1. Given the criterion surrounded by 19 or more Cβ atoms within 10 Å (Cβ to Cβ), over 17 Å from Tyr83 (Cβ atoms) and of a type outside the set (Gly, Ala, Ser), identify the matching residue among Leu193, Leu252, Leu170.
2. If you take the residues in region 227-245 that are in a loop (DSSP other than H, G, I, E, B) and either among the basic types (Lys, Arg) or in contact with a strand residue (DSSP E or B) (Cβ under 7 Å, 6 or more places away or on another chain) (or both), which one is nearest to Pro157 (Cα to Cα)?
3. Residues in region 72-90 that are modelled with pLDDT of 85 or more and under 25 Å from Leu149 (Cβ atoms): how many?
4. Taking the condition of being touching a residue at least 60 places away in the same chain (Cβ under 8 Å), crowded, with 16+ Cβ neighbours inside 10 Å and not in a strand (DSSP E or B), how many residues in region 73-90 meet it?
5. Just one of Arg191, Arg132 is at pLDDT 90 or above and charged (D, E, K, R); which is it?
6. Would you point out which residue out of Leu259, Leu212, Leu229 is buried (at least 16 other Cβ atoms within 10 Å of the Cβ), farther than 30 Å from Met105 by Cβ and touching a Pro at 6+ places or on another chain (Cβ under 6 Å)?
7. Based on this model, can you work out whether Leu259 counts as part of a loop (DSSP other than H, G, I, E, B) and either polar (S, T, N, Q) or touching a residue at least 40 places away in the same chain (Cβ under 8 Å) (or both)?
8. Would you tally the residues in region 48-72 being part of a helix (DSSP H, G or I), among the small types (Gly, Ala, Ser) and surrounded by fewer than 18 Cβ atoms within 10 Å (Cβ to Cβ)?
Amino acid sequence: MKDPFAKPSSIWPIVALVVVVAIVLGAFGIFVSKKASGDKVTGRIVFLFDLTDTLSPITKGAIREKFRQVLLEAPAGSSVELYAVSHIQERLLEPITPKPVKNPMSFKADGQKSIDEKYGITSNTKMLEKKRESQFEKPLLGYLEKAFLSPDAPTSPIIESIQSVVISSLQDAKLIASIENPDQENHWAGRHLVVVSDFMQNTPEISFYKGLLTPDQVMSSRYMQSKVLDMRGIKVHPWIVSRESQETRLKLQHLWTELFSRWNGDVCDLDQISN
């Protein structure tokens, strides 16, 4: 008598085929993911937020959108770190991000090739997009919101904070060696420092609230003699939070552009953010 619970033998080839397809797709997804990001480091983008003065909701929204746009344009294999301007005593600034957050893939932006065009991928990109969102964009947006909760501070040690993050995050010998020849197709490949600030340095040693100094006055001050800054190979993106008059903002732009240049930095994408 035929077993009523026995499955028709014709089903097994179909089941086997489904299993094989699942294995192949899974392996392909892993291969694509590794090929898209791999172990290669294509760059590092460091954000330094000056939150020593209160930001308006409009300013926070503008920063949030610009920040998200950078994440969309960041190349696969690049990592992002967040810092906040703060008083420095004996130790360097601690990052808001516990460790650099690496981008597993990139989107098509500003003419760069999309992941489909680079690797001939015609399917399975949704998995990669979810991975990128969960492992890169979502955590970093969360860290940004955490940064926005920082309390006001009586001083704004912008120069000191820039020096700290350059030393701790952008002058790492291993990082420099791994991205010696960055992808020229992507604007954000290589080493980048994005400074989001009103750029009104305010410390007992140097305070622009007592009057703006010239680049020569800043560099020749006794205090700056102890501040060694070498930003060679680093692209600097000043995002100026507009708090002062237009005349003061123009002077600040000239002052900081010259300071970054004297520190061997490559200034680009100077932008204004309304407050």
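The values are calculated or read from the model by the stated rules, or taken from the named source; none is laboratory data. Computed from a predicted structure; not experimentally measured. Neighbour counts are summed over all protein chains in view; Cβ atoms, including those assigned to glycine, are modelled from backbone coordinates with ideal geometry.
1. Details: Leu193 fails: over 17 Å from Tyr83 (Cβ atoms); Leu170 fails: over 17 Å from Tyr83 (Cβ atoms).
Answer to the selection: Leu252.
2. In the first step, residues of region 227-245 are kept if they are in a loop (DSSP other than H, G, I, E, B); the result is 227-233, 243-245.
Those left that are additionally either among the basic types (Lys, Arg) or in contact with a strand residue (DSSP E or B) (Cβ under 7 Å, 6 or more places away or on another chain) (or both): 227, 232-233, 243.
Details: Lys227: 12, Arg232: 22, Gly233: 23, Arg243: 17 Å.
Filtering first and then ranking leaves Lys227.
3. Filtering region 72-90 down to residues modelled with pLDDT of 85 or more leaves 72-87.
Checking which are under 25 Å from Leu149 (Cβ atoms) leaves us with 72, 74, 79-87.
The number of residues fulfilling the criteria is 11.
4. Taking region 73-90 and keeping what is touching a residue at least 60 places away in the same chain (Cβ under 8 Å), we get 73-75, 78, 80-88.
Next, from what is left, pick out any that are crowded, with 16+ Cβ neighbours inside 10 Å: 73-75, 78, 80-86.
Checking the rest, the ones that are also not in a strand (DSSP E or B) come to 73-75, 85-86.
Of the residues in region 73-90, 5 are touching a residue at least 60 places away in the same chain (Cβ under 8 Å), crowded, with 16+ Cβ neighbours inside 10 Å and not in a strand (DSSP E or B).
5. Working: Arg132 fails: at pLDDT 90 or above.
The unique qualifying residue is Arg191.
6. Values: Leu212 fails: touching a Pro at 6+ places or on another chain (Cβ under 6 Å); Leu229 fails: touching a Pro at 6+ places or on another chain (Cβ under 6 Å).
Only one candidate qualifies: Leu259.
7. Working: part of a loop (DSSP other than H, G, I, E, B): no; either polar (S, T, N, Q) or touching a residue at least 40 places away in the same chain (Cβ under 8 Å) (or both): yes.
Taking the combined requirement at face value, the residue does not satisfy it.
8. Step one: filter region 48-72 for residues part of a helix (DSSP H, G or I), giving 57-72.
Filter once more, keeping what is among the small types (Gly, Ala, Ser): 61-62.
Still in the list and also surrounded by fewer than 18 Cβ atoms within 10 Å (Cβ to Cβ): 61.
Here the count works out to 1.
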